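The structure under discussion appears below in the form of structure tokens.
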Amino acid sequence: MSETRDETAAAGGAADSGAAPATGAVPETGVAPATGAAATTPAPMKIDAKLGLDVFKLDKEPHIVIDHEICRTVCAGKVCLTVCPADLYELDDAGDVIVNWEGCLECGTCLICCEPRALSWKYPRGEYGVQYRMS
């Protein structure tokens, strides 16, 4: 059986034999160690930049519906105006809360924080809604 030095190291032979890794060898992660000025890591993306990568596939029907009667009579704090991470809730000219559901991140924070039965909230139908992009 004839193995090359690289095949032996990849199979764990060099580690088992106690031999030191060769200079410039790539660690087991498969990523060479960073060296020099060109190897600096980029600054982490800010949340606005990350959210800007997301894609929203809109359905014809909203997946969030507000019961304005409950909202007017029961809800005094109108917490939905402040808890939504996408800032989708606002007051209209009549003072009623409205939601711009098209940009919803589908986290459910509004459903948790609002008065019971004030919102009808469900995930968008299959293939609709937010599509998160990581890079």
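Applying the criterion of at least 1 residues that are modelled with pLDDT of 90 or more to the strands (runs of 3 or more DSSP E) found wholly in segment 90-135 leaves 97-99, 119-121. At pLDDT 90 or above, of a type in the set (Val, Ile, Thr) and under 20 Å from the mean Cα position of the chain (by Cα): is that true of Ile47 in this structure? Against the criterion (at pLDDT 90 or above, of a type in the set (Val, Ile, Thr) and under 20 Å from the mean Cα position of the chain (by Cα)), Ile47 does not qualify.
Is it true that Glu61 is loosely packed, with under 13 Cβ neighbours inside 10 Å, modelled with pLDDT of 90 or more and assigned to a loop (DSSP other than H, G, I, E, B)?
The answer is yes for Glu61.
Among the residues making up segment 80-96, a single one is surrounded by 15 or more Cβ atoms within 10 Å (Cβ to Cβ) and in contact with a Phe, Trp or Tyr (Cβ under 6 Å, 6 or more places away or on another chain): Cys80.
Note down all Cβ pairs under 9 Å where the first residue falls in segment 43-55 and is more than 13 Å from Leu105 (Cβ to Cβ), the second is surrounded by 10 or more Cβ atoms within 10 Å (Cβ to Cβ), and they're at least six residues apart or on different chains. Final answer for the pair search is Met45/Leu53.
The values are calculated or read from the model by the stated rules, or taken from the named source; none is laboratory data. Fair warning: this is a prediction, and the values are worked out from it, not measured in the lab. A quick note on method: Cβ atoms are made from the backbone with ideal geometry, for glycine too, and the neighbour counts reach across all protein chains shown.
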